[in-house]
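The numbers here are math on the coordinates, done by the rules we state, and not lab data. None of these values were measured; they are calculated from a predicted model. Backbone-built Cβ (ideal geometry, glycine too); neighbour counts: all protein chains shown.
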């Protein structure tokens, strides 16, 4: 294992486990410790460990404080540097609102040695509104909260995620994935993925992109083009394929109180497959080797509550092998996931993951053998490369990969239909919170975060008002007139300056200031400019009522300049038009939309404090039940797997899972059970 | 905020326009001196980008360490404790405060005027 992996893991464990047990110092200001001549022994950043690591790396303003005399300016300069770093920290998604809390304090003061430690508690988060309602996001939050909720700076240039695994079919398997989120500065993501062992080779390259819409029922569109090659073992054949594909997936905005997201998509692919068999040993409608063209269509719904997530997906594949028929085979797959968590104690959630998958293949003409169902302890997906997880084969963890493929020994490999239920139960026996206890329990930090998460809708409501038709009407019909009139009025106020009597100079100056402000605001109106500010009567501001008062009532009532009066009349008319439209803005609806948008993300952030763990060790209980067909008289088509294992997770860094599952009704080609080992590095390497 | 040994705490509130081309980070920083005297300062940063796919990069305008008037302390405290803006504050931050920050950058108004407009974001809580 490379040196960097070991050092990163070691640093992660040390940072995670050694949360600062800081003894409080006298309740005095920073100047006190400077005057008393204290020296800084250690400098710590507390908070989510990935954030701590990122903040400490290369931050000289913080690192340089250690070992030097304590100064009030120094500790504040360090905090300033950390804030700057956090504000500039890249995230993988845009968020309409976000909050960052940074604090500074002294700890572990020793009056005898005149030493103290400096501690900076930090917390930051953003809301990925476009994906937060999906079951896949729920999984990502537990596995990689840094990336899912922007709890730490993201690697936005490239990310490398190595993996290591083992199963009896594929042997020891190594590989990884490289993502370049923004290829040559565009919004296109490049991904390269590869896995290899003595038995398996798989590689894929893809380009993907997408768009998020600001309004309307459709929120997200994602496209992907890919080429994939794979050569995998089954017991009697090889599953060898190469394919090029193009896909597009769409998802709606969250619907209803539960926030369900409906998604659908389509994928076209073409390529070739071969199995190593000969057509002579197969029925006439099965092809050992062939070219193929597939059209996959899929739809589903996903939703989550604070402690559960569900996703139901249905897909249909229509394929042809060039036999002359329009469709040679049709495959249908249903995949339903329901995961729930029951909080037994702080950072001790009992997790119950259930999944039901079923599929059926109809052979209407010559059909590739590899399109049949091959099951075991490795999953294949219906939508390759997509974030949308839709399983497409029978997963039985007691059977090595792809060996669950027939009922009787002499059958043709591959199932025509299957139905499988998977159950995984886990509960951490050891867990450290994502936010160290000291930071999570600090009243001031907690209050700021709680305020943000419980009523962040306040900040968002004006942004939703910008979608109101009245707001759009003003942009389309009044913008130019307002810019023209205010510019003309500013020009006139400037032109008359020389002729203004001395006694009116202060009034003229006040008018010039205010109309200058308003003209500037009016000349830079965009679709995101809130129009209410133009009719704001607050004398501190520069709304039209203020300009009318200062320039017309107070100044021009004495100057009696005809052109200024004319501009004043135009402004009053514009004020009336704007006020009429502003009054039409449905503020209640905007507020409601903002509340609906923020309600769920708020609960997610709350969960970070109370439930999420940065390091957890969980025993696993596994149970699978399923059947595969076609049935053969005298042979059992049902299978059961029962097993156990353990999962060690270091949030946003490493996921390690191992265990063994018994095949309770084994057939000779399947084996009596299967060992599984999977080690994945999530986001350690990158930039 | 209640008394604690955190003698310096800052809350940075980030608000982005719906077209995702403009972002304001409004920071409130509270420092308590040894004699118990509290100082509130504002850090205002305006970010803009041409396209949604571009990085925001460095702030277009930075107004650092704008000292909050004592009259606005209660509103500063309320905003920081809440960790969020009221609607009027969002409107002001994305509207006049952002516009004046740009005008200051363009040399059209003084720093003091831009800072005063940024500070009025706090007063909008009242």
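Summary table below
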{"read-out": "Per-q log10 I(q)/I(0), chain B, q = 0.13, 0.21 Å⁻¹ (Debye; single scatterer per alpha-carbon; no solvent)", "value": "-0.51, -1.18"}
{"read-out": "Bins of 10 Å, starting at 0 and running to the largest distance - Cα pair percent for segment A:208-259", "value": "20, 29, 22, 18, 11, 1"}
{"read-out": "Acute angle (nearest 10 degrees) that the helix A:72-87 long axis makes with the longest principal axis of chain A, alpha-carbon atoms", "value": "60"}
{"read-out": "Percent of beta bridges antiparallel (DSSP, chain A, rounded to nearest 5)", "value": "95"}
{"read-out": "Approximate spin-label separation residue A:586-residue B:33, in nm, with each point projected 7 Å along Cα-to-Cβ", "value": "5.3"}
{"read-out": "Förster radius 25 Å - calculated FRET efficiency between residue A:248 and residue A:205, Cβ distance, rounded to 0.05", "value": "0.85"}
{"read-out": "Potential lengthening between residue A:291 and residue A:258 on full extension [0.36 nm per residue; Cα-Cα distance subtracted]", "value": "7.4 nm"}
{"read-out": "Relative contact order computed over segment A:547-687 (Cα-Cα under 8 Å; 6+ residues apart), in percent", "value": "14"}
{"read-out": "Residue A:35/residue A:538 FRET efficiency (R0 41 Å; Cβ-Cβ; nearest 0.05)", "value": "0.40"}
{"read-out": "Principal-axis tilt of helix A:505-523 within chain A, Cα atoms, nearest 10 degrees", "value": "20"}
{"read-out": "Exposure proxy order (Cβ contacts within 10 Å, fewest to most) of A:240, B:92, A:508, A:133", "value": "A:240, A:508, A:133, B:92"}
{"read-out": "For segment A:170-222, the Rg and Dmax computed from alpha carbons only, in angstrom", "value": "16.2, 51"}
{"read-out": "D_trans [Stokes-Einstein, Kirkwood Rh over alpha-carbon pairs] for segment A:543-670, 37 °C, 0.692 mPa s, µm² s⁻¹", "value": "142"}
{"read-out": "Spread of Cα-to-Cα distances over 10 Å intervals beginning at zero, given as percent, for segment A:189-292", "value": "13, 30, 26, 19, 11, 2"}
{"read-out": "Using a Förster distance of 35 Å, the FRET efficiency for residue A:27-residue A:345 (Cβ separation, nearest 0.05)", "value": "0.60"}
{"read-out": "Percent breakdown of C-alpha pair distances by 5 Å bin, ordered from the shortest bin, for segment A:479-570", "value": "3, 15, 28, 25, 16, 8, 3, 1, 0"}
{"read-out": "Fewest-first ranking of A:632, A:99, using other Cβ atoms within 10 Å as the exposure measure", "value": "A:632, A:99"}
{"read-out": "Principal axis box of segment A:512-559, alpha-carbon based, largest edge first, Å", "value": "38, 18, 13"}
{"read-out": "Debye log10 I(q)/I(0) for segment A:145-246, one point scatterer per Cα, at q = 0.15 Å⁻¹", "value": "-0.80"}
{"read-out": "More than 22 Å apart - percent of Cα-Cα pairs taken over segment A:59-185", "value": "57"}
{"read-out": "Convex hull per residue volume in Å³, alpha carbons only, for segment A:616-687", "value": "110"}
{"read-out": "Inter-probe distance in nm under a simple model that places probes 7 Å from Cα toward Cβ, at residue A:42 and residue A:558", "value": "7.0"}
{"read-out": "GNM top mover of B:17, B:79, B:110 - chain B, alpha-carbon springs below 10 Å", "value": "B:17"}
{"read-out": "For segment A:321-361, fraction of C-alpha pairs farther apart than 13 Å, in %", "value": "70"}
{"read-out": "Percent RCO, i.e. relative contact order, over segment A:92-217, from Cα pairs under 8 Å lying at least 6 residues apart", "value": "15"}
{"read-out": "Radius, Kirkwood style, for segment A:244-318 when every pair of distinct Cα atoms is counted (Å)", "value": "15.3"}
{"read-out": "Cα-based convex hull volume of segment A:257-364 per residue, rounded to whole Å³", "value": "148"}
{"read-out": "Value of D in µm² per second that Stokes-Einstein yields for segment A:302-428, Kirkwood Rh from Cα pairs, at 25 °C (0.890 mPa s)", "value": "151"}
{"read-out": "Rg in Å to one decimal, and Dmax rounded to a whole Å, for the protein assembly as shown via C-alpha atoms", "value": "31.5, 112"}
{"read-out": "Overall dimensions of segment B:1-74 by Cα: Rg and Dmax, Å", "value": "15.5, 49"}
{"read-out": "Percent RCO, i.e. relative contact order, over chain A, from Cα pairs under 8 Å lying at least 6 residues apart", "value": "13"}
{"read-out": "On Cα atoms only, tilt of A:443-455 relative to the major axis of chain A in degrees", "value": "80"}
{"read-out": "Alpha-carbon gyration tensor eigenvalues x 5, square-rooted, for segment B:56-126, Å", "value": "21, 14, 11"}
{"read-out": "Where labels lie 7 Å past Cα in the beta-carbon direction, separation of residue A:524 and residue A:305 in nm", "value": "4.7"}
